[in-house]
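Undergrad: Pasting a structure here, questions to come.
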Amino acid sequence: DDLVQVGVGPTNHSLTVRTVNVGLTLLAVWDNENMGVADYVPLPVEHAIDMDEANKLVVGDVVCFQAKLTNPDGAYGTWSSSASGVLQVDPKSGAAVARDSGTVTVYYEIPGVLKTYREVSYVFILFYYHALIKQI
């Protein structure tokens, strides 16, 4: 699988790079007219959404999702969940509360710029057996 996709940019001598998978890609850059002018540019790609310990949640836990992506003016995007009954996410802060067990997709969107997502699974329900403890 390709980690990045490179295409011709909107202006002269520019590129558009789309990240696809996590990993490291080396981009070779050279000048056809000057054979001695060449370089390799590392393009490290990581997940756009950081999610602390989101795969180890129990019902009632709070997790904070983070993304370091903004629009060209510096404004942040909004957060959402594919299943608010499983994971309720605050649209502005990215703070979320586990409401039920299941699998959910968390979305981060900057309108007109990008929309990315990260799947969160294994949200377990933690049961307390107070009656059993009282009997012992």
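Undergrad: Can you find even one residue in region 31-38 that is open to solvent by less than 70 Å² (accessible area, probe 1.4 Å), modelled with pLDDT of 85 or more, in a strand (DSSP E or B) and touching a Leu at 6+ places or on another chain (Cβ under 9 Å)?
TA: Checked region 31-38: no residue is open to solvent by less than 70 Å² (accessible area, probe 1.4 Å), modelled with pLDDT of 85 or more, in a strand (DSSP E or B) and touching a Leu at 6+ places or on another chain (Cβ under 9 Å).
Undergrad: Then there's this: Count, please, the residues in region 54-69 that happen to be within 17 Å of R118 (Cα to Cα), free of Cβ contacts under 8 Å to residues at least 60 places away in the same chain and open to solvent by less than 70 Å² (accessible area, probe 1.4 Å).
TA: Count: 5.
Undergrad: Also, quick follow-up: Within region 100-124, can you find the residues that are open to solvent by 70 Å² or more (accessible area, probe 1.4 Å), in contact (Cβ under 8 Å) with a residue 24 or more places away in the chain and over 24 Å from T19 (Cα atoms)?
TA: Hits for region 100-124 are Y122, F124.
Undergrad: Could you please let me know if A48 is open to solvent by less than 100 Å² (accessible area, probe 1.4 Å), aliphatic (A, V, I, L, M) and in a loop (DSSP other than H, G, I, E, B)?
TA: So A48 fits the description; yes.
Undergrad: Using beta carbons and a limit of 6 Å, which pairs, at least six apart or on different chains, have the first residue in region 72-99 and open to solvent by less than 20 Å² (accessible area, probe 1.4 Å) and the second one of a type in the set (V, I, T) and in a loop (DSSP other than H, G, I, E, B)?
TA: Once the first residue is open to solvent by less than 20 Å² (accessible area, probe 1.4 Å) and sits in region 72-99, its partners that are of a type in the set (V, I, T) and in a loop (DSSP other than H, G, I, E, B) give A98/V59.
Undergrad: Within region 1-28, which residues are open to solvent by less than 70 Å² (accessible area, probe 1.4 Å) and either farther than 24 Å from L114 by Cβ or not β-branched (V, I, T) (or both)?
TA: The answer is L3, G7, G9, S14, N21, G23, L27, A28.
Undergrad: Can you spot a residue in region 81-98 that is farther than 19 Å from E119 by Cβ, of a type in the set (A, V, I, L, M, F, W, C) and in contact with a Leu (Cβ under 9 Å, 6 or more places away or on another chain)?
TA: no
Undergrad: Does region 69-79 include one or more residues that are of a type in the set (A, V, I, L, M) and modelled with pLDDT under 90?
TA: Yes - at least one qualifying residue is present in region 69-79.
The values are calculated or read from the model by the stated rules, or taken from the named source; none is laboratory data. Because the structure is a prediction, the values reported are computed rather than measured. Positions of Cβ are generated from backbone atoms using ideal geometry, with glycine treated the same way; all protein chains shown enter the neighbour counts. Side chains are part of the model used for accessible areas, which takes the heavy atoms of the whole protein and leaves out ligands, DNA and RNA. Shrake-Rupley method; radii C 1.70, N 1.55, O 1.52, S 1.80 Å.
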